[in-house]
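Beneath this line is the structure, given in structure tokens, with notes to follow.
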Amino acid sequence: LDANTGTLAGTITDDPSGNPLAGAWVIAIGPTGNIAGGAVTSAAGTYTIAGLAPGTYRATFVDPNGGRTQEYHNNSPDYAGATPINITAANTATINANLHHP
């Protein structure tokens, strides 16, 4: 881990099966509303977004291939309801999500 930046990592799964979602997008939204980083989930549904400056972020999860509903952390349908994520230097914040079909 970089001593000056933090990391956001986790696993995205299908709701209700719990199976990992490969190819889902995870987007870290910075303190000023800008896109600060992003990742595409692996075959195991895992992702890592490294190099985030310390601060408060929001995250959104998108399934561009499977048609599941986009959501923001923690189960919010929109940015305004998203739970803030505190990123600190030299640490990893673990955020998981379960996406479902509408």
Breaking point among (1) more than 26 Å from HIS101 (Cβ to Cβ); (2) polar (S, T, N, Q); (3) at pLDDT 95 or above, for ASN19: (1)
Selection count where residues are out of contact with any strand residue (DSSP E or B) (no Cβ under 6 Å at 6 or more places or on another chain) and aliphatic (A, V, I, L, M), scope segment 1-34: 3
Wholly enclosed strands (runs of 3 or more DSSP E) of the chain bearing at least 2 residues open to solvent by 60 Å² or more (accessible area, probe 1.4 Å): 35-40, 46-52, 92-94
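The values are calculated or read from the model by the stated rules, or taken from the named source; none is laboratory data. Everything numeric here is computed off the predicted structure, so don't read it as measured data. Cβ atoms come from the backbone with ideal geometry, glycine included; neighbour counts cover every protein chain shown. Protein only, heavy atoms only, side chains kept; ligands, DNA and RNA dropped before computing areas. Shrake-Rupley method; radii C 1.70, N 1.55, O 1.52, S 1.80 Å.
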